[in-house]
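Some notes on the structure that comes next.
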Amino acid sequence: MIKPDRVVTTTCPYCGVGCSLELHVKDDFIYKVTSPFDSPVNHGNLCVKGRFGYDYIYHPRRVTTPLIRRTPQEAGKRTQAFDLSEWREVSWDEALDYAADKLVEIYKRDGSDAMAVYCCAKATNEDNYLLQKMYRALFRTNNVDHCTRLCHAGSVVALQQALGSSAMSNTASQVMMNDVFIVTGSNTTENHPIISLQMKEAVRQNGAKMIVIDPRRIELVDFAEMWLPLKPGTNVPLFTAMAYVIVDENLVNHDFIDDRTEGYTEFLSSLEKFTPEYAEEICGVPAEDIRRAARLYAKAKNGAIYWGMGISQLSHGTASALALIHLAFLTGHIGRDGTGLNPLRGQNNVQGASDMGAMPFHYPGYMRVDNEENAAKWEKTWNIEPGGLSRKLGLTTTEILGHAHPGGVRALYIMGENPMMSEPNLNETRKHMEQLEFIVAQDIFINESGAFADVFLPATPFAEKEGTFSNTDRRVQRVRMAHPPRGRSRPDWQIICDLAQRIESRLGLATAKWDYSNPEEILREMATVNTDYAGITYERIDKVGLIYPVPDLNHPGTPTLFTDDFPRGRGKFHQLDYVPVMEEADDEYPFILTTGRVLEHWHGGTMTRNSSLNEAYPEARVDIHPADAEIHGIRNGDPVKVQSRRGEVILRATVTEKTSVGVVFIPFHFAEAAANLLTNDALDPQAKIPEFKACAVQIFPARENDLANPDVILDRGRY
Ligand code: SF4
């Protein structure tokens, strides 16, 4: 039995649940992960990623030395370099000077609009705050975004429009107070495993009734009172038909509507056509089931809604989320413990990165960049001349690459993200990446996007740095260093501070502070303006974190929001109409493809595919229903080609009733069969989120030899 040198308590770097981890360290090496039983988030439970997915830290492919490309890259002719022989190892000074020289050269020549940055929902609050500050304070641009745009932007915009706040209204563990709850567009068991445990416990222990609304027969269906298997992309008619039933059968909470909402009368007029029978025709869900689900939720004492990317990743993602919000307004299932509107946030710190202003329309604290008063506050904090910060809304993640051309974005800084896996329509994304004039990648591996870069800055994973993450519950928790950084890698916040000082001196500025002695100083600076975090100190969150808003140093935190009012005052109903997905199945492309995660992997795979989890789930698979498989002569395990109007992938088929007839599912973690080669880059007009959840595809039998070899793909970055 190994005796650890130390056991370090920290927060899981994978999903938004934010489980507490205990890292057991011997000789500066983590050999085991456990979890404290008194953690209020996970009570000692961990999923396979939290428990075993940490050994990527020690993978030989991890890059721990600053690198510069040997062959200078030209816009339009940029290539990927996975092989480290195409890079040369350099000192930190050389790498940072090179990055600063090139970024400043482009900024001086082409101005603020030429500069853009992807912040990172994997990195800490402190890292994200500093990176957006660097771009706003030094390059005077709001072209700052991160992957929230690709997962919950539809939910964020809808919640802002209807309530004035985009965070989860309640905490996930309050599911134990629900007597009825809806889970929709969320394969919670694979995406938020510990929350799914709590959901099952609520059903088993408390007799709560769970309504699953999802095109796939996800594991939670086994525990559900009802499963409504709607066709992908038909959320608005289904949820609005539920609203119709609630109004039609007078299950409405009139007091709540009178006291807390506006726009109800206009909303009623838009409801008329959304009968359950109309919805059945579109969604394929029997009208009687829609009625029953509506009654169950409306008559609950404490009803709540939990949703995932199946709601937001559509070209009408904002409308989908608004249709759910209406259900809570109609019934008054919000503003009390055990109720609420709960978009389950994907990445470990996507909530925090958004709070820190890693978004093109908002400073930290969701303060609009085009509001004079807000801009003035940040100018004062960052010691910038009045009027110095840009008031122009920045480009979103999805727009930044579309603007990669002469006269548009010329230099891109990528911290920890991987657009070459996560953007839709990757063949198009590739063309945009090739057009960029200069790319900085700050990461731990050279992934599909870092391979396009000119300079690589080796950062540290979560176990080699200090800071905070904010989970889906709005709980701000500590991230702690278990051992020193490997090689010459450095924590992100230190890299950003060093680079910012170089940029500042080249621009002849002496403005904002960059010489922080520790990450807490960074968080405290942010909290002087973003008062949701005003009462958060590292000492106060030492054990179990605090749930913001925490407006002062004595405040205990706020697990339940909107108890008296909404940030915008009254909750606002919106009139909705049914808009089909942008690409429906037809004779040429008869299947609808939907994409998502599997339990063993995470997003573009930069971490999990370089960990032992890859052995548990080593290759991409496409799920196809047995009835469809039979028609196409496909057996379980056969290689197949899946083709859309934008690209094709070859992978093995899994014949399973988990998916519905006419719907196929591909996880998006596998570079050798990247689901996003197929997906549609059509955007929600308001949230600018792509339609990842529905595009038309065709399936053909393929040959064994046509399958890409995942070992070769994974080996391409080896020294
Ligand atoms: Fe980590 Fe999420 Fe698993 Fe918890 S549920 S261990 S936070 S991946």
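Only the coordinates and a few stated rules stand behind these numbers; no lab work does. For clarity, every value in this text was computed on a predicted model and none was experimentally measured. Methodologically, a virtual Cβ is constructed for each residue, glycine included, from the backbone with ideal geometry; neighbour enumeration extends over all protein chains shown.
What FRET efficiency would be calculated for the residue pair Arg295, Asp83, taking the C-beta separation as r and a Förster radius of 60 Å, to the nearest 0.05? Efficiency for this residue pair is about 0.45. Of the chymotrypsin sites (Phe, Trp or Tyr not before Pro) found in the range 35-136, those in coil by DSSP whose Cβ has at most 13 other Cβ atoms within 10 Å are Phe37. Under 5 Å from the amide H of His43 lies no amide H of any residue 5 or more positions distant or on a separate chain, with H modelled from the backbone and absent for Pro and chain starts. Within the chain, antiparallel bridges make up roughly 50 percent of the DSSP beta bridges whose residues both belong there.
Compared with the alpha-carbon gap, the fully stretched path from Phe700 to Glu372 is longer by 112.4 nm at 0.36 nm per residue. Phi angles across the range 35-49 convert, under the Karplus curve 6.51 cos²θ - 1.76 cosθ + 1.60 with θ = phi - 60°, into 3J(HN,Hα) values of 9, x, 5, 8, 5, x, 7, 10, 6, x, 8, 9, 8, 4, 5 Hz, Gly and Pro given as x. Within the shell of other residues whose beta carbon sits under 14 angstrom from the beta carbon of Arg410, the net charge comes to -3, with Lys and Arg scored +1 and Asp and Glu -1. Note on the range 153-343: dipole from Cβ charges, positive end direction compared against Ile290, Gly310, Ser165; the farthest Cα belongs to Gly310. How high is the FRET efficiency from Asp586 to His405, r the C-beta distance, R0 30 Å, rounded to 0.05? For R0 = 30 Å, the calculated efficiency reads 0.40. Across the range 183-198, the residues whose backbone nitrogen lies under 15 Å from the label position 7 Å along the beta-carbon direction of Gln205 are 194-198. Taking Cα centre as origin and charging only the Cβ of basic (Lys, Arg, +1) and acidic (Asp, Glu, -1) residues, the dipole magnitude of the range 116-256 rounds to 600 debye.
Setting aside same-chain residues fewer than 8 positions from Lys392, which aspartates and glutamates have a Cα under 20 Å from its Cα? Qualifying aspartates and glutamates at Cα under 20 Å: Asp110, Asp113, Asp145, Asp355, Asp370, Glu372, Glu373, Glu379.
Taking every DSSP helix (H) stretch of at least 4 residues in the chain, weighting each as -39,500 (n - 2.57) and dividing the sum by the residue count yields a mean residue ellipticity at 222 nm of -8000 deg cm²/dmol.
Which lysines, if any, have their Cα less than 27 Å from the Cα of Lys301, not counting same-chain residues under 8 positions apart? By straight Cα distance, Lys301 reaches Lys200, Lys209, Lys572. Extension gain for Lys3-Arg524 works out to 183.9 nm (0.36 nm per residue, less the C-alpha to C-alpha distance).
Think of each Lys and Arg Cβ as +1 and each Asp and Glu Cβ as -1; about the Cα centre, that makes the dipole of the chain roughly 1160 debye. By the combined test of axial Cα extent (at least 30 Å) and Kyte-Doolittle hydropathy (mean at least 1.0), none of the DSSP H helices of the chain qualifies. Label separation (Val661 vs Val48): 3.1 nm, computed from points 7 Å beyond Cα along the C-beta direction. For the range 72-144, the set of trypsin sites (Lys or Arg not before Pro) satisfying both a DSSP loop assignment and a count of at most 12 other C-beta atoms within 10 Å is given as Lys77. For the set Lys431/Lys641; Lys122/Lys641; Lys273/Lys658; Lys77/Lys133; Lys133/Lys543, the pairs lying more than 27 angstrom apart at their alpha carbons are Lys122/Lys641; Lys273/Lys658; Lys77/Lys133; Lys133/Lys543. Report, for the range 591-708, the % of DSSP beta bridges that are antiparallel, rounded to 5. Close to 60 percent.
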